């Protein structure tokens, strides 16, 4: 059996390296989302950020997904995107 | 004999109602077929008549073209191009064409059918009325897929990857990053087509989105990875159901593959299909040496790797990993009717075949050569089970307990059901709050009331599942714990029937 042609077992989505978004020159006047992935003690970290940002006069919005083992639903991501200029995600415990 | 018949003047009578003799006929034969040998003199009769009437007989020989020496239009079809084009599965086959299109066909030798197709009566005088044909060479093992790739349209949508000249295809698979570290079977179009013969489902059907990349996984992609993992086509129904089950939201595959824990999807098969495809439920059940166990579990892992993009060092952040991440797949031992199988206890019929996916990080054995009473054996188990991850770890921990035959007999003799054993164990697996570890799990999983008194007892499986199954060899007083992180609402066992 000739073996010179193989079928690609991958999703054929060759990783496209995307440049990071440019950081804003200032967070002044921006709405900042704090996204809790529901990992243990992530809320403590985000609570402290909330305090610090709020004390400096920034607008802060809080979000949380159901469980860290599950991906965030698209609706939640769309909500964050539509309501915030920046988002900070508490990634791990 | 054939030459004599060829030289003899055939006694041919035309059928007045037939207008076929001036038409075109196509025959397929091979020398290595007794029925073809028997029918060759008849084909010579047919050729004589149609030539006289301005018609034509084309004869295609699949093995040795000299078999048709003397025919005016004999073709060497050892490449089987014409046989494939005419979709021949039996020789001899005689086809009548009309305006270039097939108008009638007969296979094997049956005088009445040959006469109907040719419109010639009195064919094959002295021959028996009927002889079945032989398999066409297009039906030789592996040949249908090979011919489809060579002459047909396979309909396969995946990108073709060319193996560089002088390269070993197995090495190409490594270089492309398609392997789990062990060699894979190169996924040629022929092998993938044969794998797809194991399912009636369309290769284009999307069976789910595989994390972490949430890439669409088609039946064809599953077949490609099943080839690489070493599956046989008859494993495909189990493989497809296993992947569909692993993609059920309740299982939380994203968490399983991304975690720092060593857990991985474990595939357990219940029902008749496990015996049909030769899965192992007995000695060395979690070990090497059984093709179905090894290849089905490995296919799921390769799909996660190749389709989903879940690779160690990238999204897979496991600290230790586990040999189970190559493949962890087995059948539950259902031979003793005294205990219901896991699937039956969920409400499935004993005649149903199911796949259960649960997370597991390997096995820990429990040895007890002494206990002869079920209560004593349960106390042995409880000590071992309590130690999973930490004797004080109660949140996000779950387990399957696999009980082998000699331990099961202790429960059978005492008349204990699986449910009774589970009830006894859960009763023993109560931990004082003062001993609960306040680390990663913290006490945050406990209610204020539970925390209010350090002597309060809380369950080891506070939010995790605990199940009992039968598996393993017949000799030896062992059982095995398959532990994992997870629990209700995060990573749960899931079961799906194989349809």
Rounded Å value of the spacing that divides the Cα centres of segment B:389-417 and segment B:59-75: 71 Å
Amide N proximity, segment B:453-478 versus residue B:437 label position 7 Å along Cα-to-Cβ, cut-off under 18 Å: B:458-465
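Taking the beta-carbon count within 10 Å as an exposure proxy, list B:136, B:158, A:82 from fewest neighbours to most. Intermediate values should be presented prior to the final figure.
Numbers: B:136 25, B:158 21, A:82 7.
Taking fewest neighbouring Cβ atoms as first place, the list is A:82, B:158, B:136.
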Ratio of the Cα radius of gyration of segment A:31-90 to 2.2 N^0.38 Å, where N counts its residues: 1.09
Spatial separation of Cα centroids for segment B:270-330 and segment B:229-266, in angstrom: 8 Å
Highest to lowest packing among B:167-177, B:379-389, B:357-367, scored as the average C-beta count within 10 Å: B:357-367, B:379-389, B:167-177
Cα-Cα pairs of the protein assembly as shown separated by more than 41 Å (percent): 47 percent
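Can you give the FRET efficiency to the nearest 0.05 for residue B:450 and residue A:39, using r as the Cβ-Cβ distance and R₀ = 30 Å?
Numbers: r = 22 Å, r/R0 = 0.73.
It comes to 0.85.
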Residue B:37 versus residue A:78: modelled label distance in nm, points set 7 Å from Cα along the beta carbon direction: 7.4 nm
For segment B:2-138, average projected area of the Cα convex hull in nm²: 7.3 nm²
Segment residue B:22-residue B:364, extension gain: residue separation times 0.36 nm, minus the distance between their alpha carbons: 115.1 nm
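Below 8 Å between Cα atoms, with a sequence gap of 6+, how large is the relative contact order for segment B:2-138 in percent? Show your work: numbers first, answer last.
Values: 272 pairs, mean separation 40.5, N = 137.
Relative contact order for segment B:2-138 comes out at 30 percent.
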For chain B, projected area of the alpha-carbon convex hull averaged over all directions, nm²: 31.4 nm²
Inter-label distance for residue B:475 and residue B:488, nm, one decimal - labels placed 7 Å from Cα along Cα-to-Cβ: 4.4 nm
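Distances longer than 26 Å among the Cα atoms of segment B:179-333: what percent of all pairs is that? Mind dumping the intermediate values first?
Values: 2326 of 11935 pairs.
Roughly 19 percent, once rounded to a whole number.
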Spin-label pair residue B:200/residue B:176, simplified geometry with 7 Å Cα→Cβ offset, distance in nm: 3.1 nm
For segment B:271-384, projected area of the alpha-carbon convex hull averaged over all directions, nm²: 9.5 nm²
Descending principal axes extents, segment B:415-499, alpha-carbon based, whole Å: 46, 33, 22
Residue order, fewest to most beta carbons within 10 Å, for B:355, A:87: A:87, B:355
Residue mean of other protein chain beta carbons inside 10 Å, B:165-175: 1
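For residue B:284 and residue B:371 in one chain, what is 0.36 nm times their gap in residues minus the Cα-Cα distance, to one decimal in nm? Display every interim value, and only then the final one.
Details: separation 87, 0.36 × 87 = 31.32 nm, distance 2.31 nm.
Result: 29.0 nm gained on full extension.
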Per-pair calculated FRET efficiency, R0 = 56 Å: residue B:56 and residue B:248 via Cβ, rounded to 0.05: 0.35
Percentage relative contact order, chain A, counting C-alpha pairs under 8 Å, at least six apart: 39 percent
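From other protein chains only, count the Cβ atoms within 10 Å of every residue's Cβ in B:226-233, then give the mean.
Numbers: counts 1, 3, 3, 1, 0, 0, 0, 0.
Rounded to a whole number, the mean comes out at 1.
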Taking chain B and dividing mean pair separation by its residue count, relative contact order in percent (alpha carbons under 8 Å, at least six apart): 13 percent
Ranking of B:154, B:78, B:447 by count of other Cβ atoms within 10 Å, fewest first: B:447, B:78, B:154
Centroid-to-centroid separation of segment B:180-200 and segment A:19-93 [C-alpha atoms, Å]: 45 Å
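Read the figures in this text as sums done on the coordinates, not as results from a lab. Please read all numbers here as calculations on a predicted model, not as lab measurements. Note that each Cβ is placed from the backbone with ideal geometry, even for glycine, and that neighbours are counted across all protein chains shown.
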